[in-house]
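A quick write-up on the structure given underneath.
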Amino acid sequence: EAKSVARHINSSRARWDSDYYKRLSSLYLKNTLKLFDEKHASAVKILDAGCGFGETLHCFNETGFAVEGIDISEDCINISKQFAPASRLSIEQLSKTYPQGYFNVTVCSHTLEHVENPTIALQNLSHVTSDYLIIAVPNLARLINFVLRRPRHVNEGHRHGWDHHHLLTFIENNSDLVLHDWVQDLVTFPLIRNKLLYSKFASEIIEAKILSSLFPLQCNSVIAI
């Protein structure tokens, strides 16, 4: 499983994907700063569960938060630990490693769809988190999927999937968590995704601001706080 996830990450570093991971990290930081005063950031403990290449660790660390990460991929840990402390650990091991409520905020970004049992993973994430849990998963309800005439291959490491409605139901039925807010990232526009036409500026304006405001349930990711 660790090798499968590592392959997924290593193959997802096209220019627009790299920009996208950085965008997500900025969104997590921006929304955390709404919840906690930056002046007290060093007293706020953050966990990045599934830290990947460390974009989120980098973001939070630069702002002064006490952040650390976990991942099951040794490759990811070796890359991530240049930004903040990172350990090779699965989400299922969290409750055995950290006391209840140890972290003020836990970020679980594009990781829950990879685990064998998302219910157990959610309970472990909730156990070690005292204030806010930020969960992001791929959005299976994007309209782009409805124009396809036949099934296509998706990431081989994905075992589960949700839209906004099903993620909210899943969380509420399997934990004591209460929804605080939804976060919009961007609504993917196929022409902008074209290698020849891709523009970070166009993505920032059209996908991240205009389309995400008009069609929030069509965002690339489902992000719940």
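Judged by the gyration tensor of its Cα atoms, with axes a ≥ b ≥ c, segment 34-132 is oblate; a/c meets the 1.5 cut and b/c is at least as large as a/b. Compute the Cα gyration tensor for the chain, then decide on rounded, prolate or oblate, letting a ≥ b ≥ c be the square roots of its eigenvalues: rounded whenever a/c is under 1.5, prolate when a/b is larger than b/c in the other cases, and oblate in all that remain. The shape class here is rounded. With +1 on each Lys and Arg Cβ and -1 on each Asp and Glu Cβ, and nothing else charged, work out how big the dipole of segment 31-167 is about its Cα centre, in Debye to the nearest 20. The dipole of segment 31-167 has a size of about 400 debye. Note on exposure: 74, 172, 116 ranked by accessible area (1.4 Å probe, complete protein assembly) read 116, 172, 74, with the most exposed listed first. Candidate cross-link partners of residue 200 among the lysines, defined by an alpha-carbon separation under 25 Å and a same-chain spacing of 8 or more, comprise 22, 30, 209.
Its DSSP H runs of at least 4 residues, each contributing -39,500 (n - 2.57), put the calculated 222 nm mean residue ellipticity of the chain at -9500 deg cm²/dmol, to the nearest 500. Among beta bridges identified by DSSP and lying wholly in the chain, the antiparallel ones come to about 25 percent. Note on segment 96-225: the alpha carbon radius of gyration divided by the globular reference 2.2 N^0.38 Å gives 1.17.
Place +1 on the Cβ of every Lys and Arg and -1 on the Cβ of every Asp and Glu in segment 92-150, take the dipole about the Cα centre, and give the residue among 104, 114, 129 whose Cα lies farthest towards its positive end. Projecting each Cα onto the dipole axis, the largest value belongs to 114. The slack between residue 18 and residue 117, meaning 0.36 nm per residue of separation minus the straight C-alpha distance, is 32.8 nm. Computed over the chain, relative contact order equals 18 percent, with contacts defined as Cα pairs under 8 Å that lie 6+ residues apart. Ranking 86, 179, 27 by how far each Cα lies toward the positive end of the dipole of the chain (charges on Cβ) leaves 27 at the top. For residue 39, the aspartates and glutamates whose Cα comes closer than 20 Å to its Cα, not counting residues fewer than 8 places off in the same chain, are 62, 68, 131. For segment 92-225, a simple Cβ point-charge model (Lys and Arg +1, Asp and Glu -1, everything else neutral) yields a dipole of about 720 debye relative to the Cα centre.
For the peptides 59-71, 20-32, the ranking by packing is 59-71, 20-32, with the highest mean count of neighbouring Cβ atoms within 10 Å listed first.
The values are calculated or read from the model by the stated rules, or taken from the named source; none is laboratory data. Since this is a predicted model, take the numbers as computed values, not measurements. In this analysis, Cβ positions are derived from the backbone assuming ideal geometry, glycine residues included, and neighbour counts consider all displayed protein chains. For the accessible areas, the whole protein counts, side chains as well, though only heavy atoms, and no ligand, DNA or RNA atoms are used. Shrake-Rupley method; radii C 1.70, N 1.55, O 1.52, S 1.80 Å.
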